[in-house]
Amino acid sequence: MKGEWRRSRSASSSRLNMFSARKWSGVSRAVRLHHFRSCSVSRASPNLTFVPACLPPDPVEVEELQRFVSNSKRLFVMTGAGISTESGIPDYRSEGVGLYARTDRRPVQHAEFVRSASARQRYWARNFVGWPQFSCHQPNKAHLVLRDWEKLGKLHWLVTQNVDALHTKAGSQRMTELHGCIHRVFCLACGDRILRSELQEHFEALNPTWKAEAFGVAPDGDVFLTDEQVRDFQVPACRKCGGILKPDVTFFGDTVSQEKVSFVHQRLAESDSMLIAGSSMQHLIYKVYSGYRFALAAREKKLPIAVLNIGPTRLDHFASLKLNSRCGELLPLIVCT
Ligand SMILES: [Zn+2]
């Protein structure tokens, strides 16, 4: 595994993968090795608990997507929570099975996290409890297909709105994590970076007798605990400066850096078609840079756009192709040459 990872870190890939690997090179490597070593979750059969009901792929749909992919030479792919539901991670919005449909839980707000020690205590206590399960989720067939398309030169760039690291675990390199990754943590004051798995050890050392039971894990690793349960939880500060530690994810109310947005627009400008997999592209209830803007840019450039998502999306009226299937069921049927 070590050798394979080193081989894949060629000069060209590390140059291109500037937002997901170079900045965090040691971290990304450790994340991947850690997961392959310590998690024994099988990839063989999908976990459909959080996947909305849908019919098997229609042969006509398969043929249409096949034509779309065959005609593309430099495919730009954008993925959302819907691609990870088959790995057992719930999304926020799906009817009946999404987090919003099942609970009244809403994601943490950036301003509240920065301002309030008790908000951070609540966030980290929940995240601490959810981590052992959340960190072991494995990529499903859809993630692996996109990894293969990259290797074959079909996929020009991948942008994910997910923070679950499943594309990284699958081996994708030409990728930008638009909203960051929950497996990395940094200090708001000095910028020091550590692995989320490393932080887990600090939590355990600081809270040797603290215990709470988790009830359901959210797309960002959050679980549900009462205020009473989190009251005695101890949160570590930055080891270097004592500053506030925050996951390397864009919380709701925060913005994606202009540098990252421009980088993705450049990759889109080099592409000849766009595939959106597992995202409804709906407005989030809190402001965050939405992948929808990249879809609008693709439309302006008159690129063919295919949308693969169970249920309606914001792009349905201007997509060249709309497919209502599970990503992990339809994508493996496409022959990539
Ligand atoms: Zn610091």
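Roughly what would the spin-label model give for E198 and S118, points 7 Å off Cα along C-beta, in nm?
With each label point 7 Å from Cα toward Cβ, the separation is 3.2 nm.
So if R0 is 51 Å, what FRET efficiency would H317 and Q234 give, r being the distance between their Cβ atoms, rounded to the nearest 0.05?
So the FRET efficiency works out to roughly 0.50.
Sort T79, T255, T168 so the one with the fewest other Cβ atoms within 10 Å of its own Cβ comes first.
Sorted ascending by nearby Cβ count, the order is T255, T168, T79.
Dipole size in debye (nearest 20) for the stretch 251-334 around its Cα centre, Lys and Arg Cβ +1, Asp and Glu Cβ -1?
160 debye
Given a Förster distance of 51 angstrom, what is the FRET efficiency for L206 paired with C54, based on the Cβ-Cβ distance and rounded to 0.05?
So, using R0 = 51 Å, E works out to roughly 0.70.
Given the C-alpha centroids of the stretch 120-146 and the stretch 252-275, what is the distance between them in whole angstrom?
24 Å
Ranked by Cβ crowding within 10 angstrom, fewest neighbours first, how are R193, R293, R126 ordered?
Ordered by Cβ neighbours within 10 Å, fewest first: R293, R193, R126.
All of the numbers you see were taken from the coordinates with simple rules; none came from a lab. Values in this document were obtained by computation on a predicted structure and should not be read as measured data. Quick reminder, even Gly has a Cβ in these numbers, built from the backbone with ideal geometry, and neighbours come from all protein chains shown.
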